[in-house]
Each structure stands twice: as structure tokens, then as C-alpha cells.
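The values are calculated or read from the model by the stated rules, or taken from the named source; none is laboratory data. Just so it is clear, the structure is predicted and the values come from calculations on it, not from any experiment. Positions of Cβ are backbone-derived with ideal geometry, glycine not excepted, and every protein chain shown enters the neighbour counts. Areas reflect the complete protein model, heavy atoms only, side chains present, ligands, DNA and RNA absent. Shrake-Rupley method; radii C 1.70, N 1.55, O 1.52, S 1.80 Å.
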Amino acid sequence: MLEAVQYLEKNVENRELFQQLLLQLQKDFLMATQLEVFVQVDTAAEMVNELYRQLLRLVETDVSKFSSLFYRIDISEVVVEELQLRGLDLEAYLQALTIIILKREWQKICFRNKL
């Protein structure tokens, strides 16, 4: 989790860009899972913890929505399968997915803002 927080703190220094990232996560989660999430997030650590918590909730309650989320965010099936083949425990697996999701969502923000 520390890696994901450090990634955000290093790359998302601007508060406006942080808000855009937050809105992108909210939009993709809502469209893929019909869940409103990330409502009370103000820091990188809170964003990472909430993302991890929501991924855990999805994997425990609705695997189809969990899969839909990757499609919506545009995470390659190959990447997800490679993680699964590593034989990680659930916590390590979700931590790895957290950083992958944040990086992909950040790419969208960078592209949109021509960064």
C-alpha cells in the first residue's frame, strides 16, 4: 500500500489533478459496479485505502462486478492473469491491483490534460 501512496504523492502533486483522479475513479466504479465510492477522500493514503477496501468488498461479494471494473478502467486481462499466476495471497493481489488501477487512471488524467 505504501508503494501506491508514494506513487500518488510523487505524481499527483496538484490538488486539481487529484480531484480529477478522484472523479475518474468514482465514475468508473459507478459505471462498472453501480456503487458510489470515494466520497470522503482527501489524501493519497485515503484514496489508496478506499480503493483497496472497495476491491476487497467486490472480490468478496460480486466477482462479475470485480471483472467489469477492469474492463471499464481498461486493465488488460493479461495483466490480471499474470498477477493471478504469481500465487499471491489475497492481500498482496489486491495491493498489486490497487497500484495498477491508480496508474491506469492517472494515465487517463495525464492524457486528458496533455501532461
Check off (1) modelled with pLDDT under 90; (2) in contact with a helix residue (DSSP H, G or I) (Cβ under 9 Å, 6 or more places away or on another chain); (3) open to solvent by 30 Å² or more (accessible area, probe 1.4 Å); (4) over 22 Å from R15 (Cβ atoms) for K65 and give me the number that stays unchecked. (1)
Please specify each residue of region 59-111 satisfying the condition of being in contact (Cβ under 8 Å) with a residue 60 or more places away in the chain and among the charged types (D, E, K, R). K103, E105, K108
Note on region 13-43: residues of a type outside the set (S, T, N, Q), open to solvent by less than 20 Å² (accessible area, probe 1.4 Å) and touching a residue at least 40 places away in the same chain (Cβ under 8 Å) are L21, L25, D28, F29, A32
(1) under 11 Å from the mean Cα position of the chain (by Cα); (2) of a type in the set (D, E, K, R); (3) open to solvent by less than 80 Å² (accessible area, probe 1.4 Å): which one isn't true of R53, the others all being true? (3)
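In region 90-115, which residues are out of contact with any helix residue (DSSP H, G or I) (no Cβ under 8 Å at 6 or more places or on another chain) and farther than 14 Å from L55 by Cβ?
If the condition is that a residue be out of contact with any helix residue (DSSP H, G or I) (no Cβ under 8 Å at 6 or more places or on another chain) and farther than 14 Å from L55 by Cβ, then Q107, C110, F111, K114 are the ones that fit.
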Hey, does region 5-12 have a residue that's in contact (Cβ under 8 Å) with a residue 24 or more places away in the chain, open to solvent by 20 Å² or more (accessible area, probe 1.4 Å) and among the hydroxyl-bearing types (S, T, Y)? yes
